[in-house]
Amino acid sequence: MTDTIPVFVNERRVLIPRGGTAAMAAQQLDAAFAAGGASVTLTDARGLPVPPDAVLATGAILRVAVSARRASG
């Protein structure tokens with residue numbers, strides 16, 4: 001058994017640790033998510049919201065959308 005699993009973020013295959021989260025996968029693809037400076041939305045393949053702390057399964061598909069707009073407040 002391997003310690004990493006493949007998941008897909010915006011059609012790109014990335015490897016995350018088994019038990020890894022959506023945030024971990026997004027950080028490998030999108031530096032804006034890691035920096036936290038932009039508004040980021042995570043969704044699954046169907047377009048439903050995925051919380052950053054959601055644990056992913058092998059073959060999960062995520063979409064990461066980054067907005068230059070700042071969150072109000």
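Values in this text are rule-based calculations from the coordinates and carry no lab data. Note that this is a predicted model, so its numbers are computed, not measured. We place every Cβ from the backbone using ideal geometry, glycine too, and count neighbours over all the protein chains shown.
Assorted remarks:
- FRET efficiency estimate (nearest 0.05) - Cβ-Cβ, R46 to D3, R0 35 angstrom: 0.75
- Each label point was placed 7 Å from the Cα along the Cα-to-Cβ direction; for Q28 and L15 their separation is 0.8 nm.
- Ranked by the mean number of other Cβ atoms within 10 Å of their residues, highest first, the peptides 46-55, 15-24, 2-11 fall in the order 15-24, 2-11, 46-55.
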